[in-house]
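First up is the structure itself, then whatever we jot down about it.
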Amino acid sequence: MKLISLFVAIGMLVLSVPKAHAAEAAKVQSLLLRSVTVTCKLEESIAFYRDILGQEVIEDAPQDAAKAAAFLDVRPTSKVRFVIMKGSAVYPGGEIVGGRIAFMGIDDPDAPACKNTNVANHRARQSDGIHPHRVANIDEISRRARAKGVEILFGPRRSGTGLSRNMMMFDPNGRIVEVFELEFARASE
């Protein structure tokens, strides 16, 4: 009888494992850690995010071009670098920990990926991204961008809700970068 009870207990355990596993599988979560841009304008990109938005390089590593060719349109002899930049800011309520901007830089004008790097800035369309950055001192960022001749789409201007001031501009890769500064005095009203 004890042997039968043992088999029944094991059977129940085996039957409950897939259910528990299925419940865990249903708890899929996702958090964007960084946005990666493939660029043949790596130094210009670093300068833009450093000099205008105050980001700093936290990782800069060469990549094996032959391995990178699995996802980049490069030749095995291309020079490829992976660069991660981060911003920092302390706002009312504490430091904000967020995503990073990263680049797969290709230093090879003959690489297929670098054949068409003079794509004109354009308003967003299917598969384009708009890359928002929460900032402090949007007026200084605007001044820096204008001083560097960056194409500004609008702003800074107050949002429709009045809770932030926003500005959009193009980075050296033609990506739309939105910067916004929350106006805490208005948000607490």
* To do: Any chance you could count how many residues in region 42-83 are of a type in the set (Lys, Arg) and under 22 Å from Val150 (Cα atoms)?
  => 1
* Restricting to region 89-128, what's the tally of residues that are surrounded by 10 or more Cβ atoms within 10 Å (Cβ to Cβ), closer than 26 Å to Ala65 by Cα and at pLDDT 70 or above? -> 18
* Selection count where residues are at pLDDT below 95 and polar (S, T, N, Q), scope region 40-61 -> 1
* Structure fact -> With criteria (1) in a loop (DSSP other than H, G, I, E, B); (2) in contact (Cβ under 8 Å) with a residue 60 or more places away in the chain; (3) within 14 Å of Ser45 (Cβ to Cβ), Pro109 comes up short on (3)
* For Val80, all conditions in the list (1) out of contact with any Leu (no Cβ under 9 Å at 6 or more places or on another chain); (2) surrounded by 13 or more Cβ atoms within 10 Å (Cβ to Cβ); (3) at pLDDT 95 or above; (4) farther than 26 Å from Arg143 by Cα hold save one; what is the number of the exception? -> (1)
* Structure fact -> Those residues of region 48-85 that are of a type in the set (Val, Ile, Thr) and in contact (Cβ under 8 Å) with a residue 60 or more places away in the chain come to a total of 1
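Scanning for something under 26 Å from the mean Cα position of the chain (by Cα) and either buried (at least 17 other Cβ atoms within 10 Å of the Cβ) or modelled with pLDDT under 75 (or both), does region 14-22 turn up at least one residue?
Keep residues of region 14-22 that are under 26 Å from the mean Cα position of the chain (by Cα), which gives none.
Among the residues of region 14-22, not one is under 26 Å from the mean Cα position of the chain (by Cα) and either buried (at least 17 other Cβ atoms within 10 Å of the Cβ) or modelled with pLDDT under 75 (or both), which makes the answer no.
The values are calculated or read from the model by the stated rules, or taken from the named source; none is laboratory data. What you see is a predicted model, and the numbers here were worked out from it, not measured in a lab. Here the Cβ is made from the backbone with ideal geometry for all residues, glycine too, and neighbour counts use every protein chain on show.
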